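Worksheet for the structure shown next.
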Amino acid sequence: MTLEEVKELDQKYYMNTFGSRTELCFESGNGIKLKNIDGEEYSDFFAGIAVNCLGYNHKRLTEELCEQVKNLMHTSSVYYVKNQALLAKELADNSCADRVFFANTGAEANEGAIKLAKNYFYKSGNPRTEFITLKNSFHGRTLATVAATGQEKYQKPYAPLIEKFTHVDANDIEQLKNAMNDNVAAVMVELIQGESGVRPLTPEYVNAVRELCDKYGAFMIVDEVQTGIGRTGRLFAYENYGVEPDIFTLAKGLGGGVVIGALCAKEEAAKGFTPGDHGTTFGGNPLSTRAGLVVIDELVNNGVLENAENMGKYFKNQLDELAEKYSEIAEVRGMGLMLGVEFKDEIAGKIGAYMRENKYLVGVVGAKVLRIVPPLILTKEDIDGFINVLNRALNEI
């Protein structure tokens, strides 16, 4: 098929939720390279929005998934699922969590976290009905996670929203203190706000969240949907802050491209769910959890996590050097291989288009920010190529 034929079918049959898409359709990939329907090759620094952590056509992941498809893709959690149990153990062994529940998406994992916290207090005989989240956050597109998301543009069509979510400014400790009370079930944060332009929380603020949750007996929920699975140079972003959440959520990179989400909790918080309180048909099936097992093993035992940390430092240094050279760059921020470049003027769209024309894919947030979330298998040579094209873009635009 040609791109025009795909577009025609899309415009006729697919619900128009994405508007005018970027004029590309990909058919294959290898490493960090993607090949479009016309055979042109692109270097991918977006990774399906931080999903394809092992890149494309990863030999081990591909082989094990093919083997799993031949053997068994899905049964039901009515029965025991070997890969599900094994992946739950791997996540617990490598994190602060004691218990894991598998879902299909980040939104489902976050919805589960909200339900878990709320149900915990309901079962304790002391119901709590309030949650605190941050302005400019993004937690998903279900009705509950839209209410949790601190962005009016996502909420307005669905008013009245599910109660009660109070949104406070990120890194404003006094505002958080004023919002806390004995009816707050949990404070839910992204340690780096990706959707709003790769904006990290300060260590002081994260410590304040932990301390206030302890003071009021509320749970600290960390949304690691985008920051988890090695993205920040640590397996989980909370490790960069020296603070442990009571509950955290995963998705995106966990399956290396296969659909999976996870709700992880310490033992006390996990008591919020008892049989019948929550469930899923597809979550944690043999195929998705086999993918998760490969991803975790590759990160922890085969050097991918170390590579993400080292390449993240190298990449940020290279971007910082560009920022010193070009006054157009207002700030470079982020951790590991989750980086943002903010411009002083509204040129991010033009920069992103220039990069794409030169066969480099990068995310654009609003009018001023590039979001860089490449596969974690990135090399220095890959980074140098990106920097060279970005340098030319800043020279010519």
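Each reported figure results from applying straightforward, stated rules to the coordinates on display, with no laboratory input. Note that the structure is predicted; figures quoted are calculated from it, not measured. Methodologically, a virtual Cβ is constructed for each residue, glycine included, from the backbone with ideal geometry; neighbour enumeration extends over all protein chains shown.
Overview of results
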quantity	calculated
Meets criteria (free of Cβ contacts under 8 Å to residues at least 40 places away in the same chain and not acidic (Asp, Glu)) for residue 373	no
Of all residues in the stretch 102-138 being part of a loop (DSSP other than H, G, I, E, B) and not polar (S, T, N, Q), the one that is surrounded by the fewest Cβ atoms within 10 Å (Cβ to Cβ)	125
Residue match in the stretch 269-280 (condition: surrounded by 16 or more Cβ atoms within 10 Å (Cβ to Cβ), in a helix (DSSP H, G or I) and among the β-branched types (Val, Ile, Thr))	no
Within the stretch 210-242, considering residues that are hydroxyl-bearing (Ser, Thr, Tyr) and outside any loop (DSSP other than H, G, I, E, B), the one surrounded by the fewest Cβ atoms within 10 Å (Cβ to Cβ)	216
Test: residue in the stretch 217-233 that is among the charged types (D, E, K, R), under 20 Å from residue 93 (Cβ atoms) and in contact (Cβ under 8 Å) with a residue 12 or more places away in the chain	yes
Filtered residues of the stretch 1-56 (kept if within 21 Å of the chain's Cα centre (by Cα), of a type in the set (Ser, Thr, Tyr) and in a strand (DSSP E or B))	43, 56
The stretch 72-101 - residue that is in a helix (DSSP H, G or I) and of a type in the set (S, T, N, Q) and, of those, farthest from residue 290 (Cα to Cα)	84
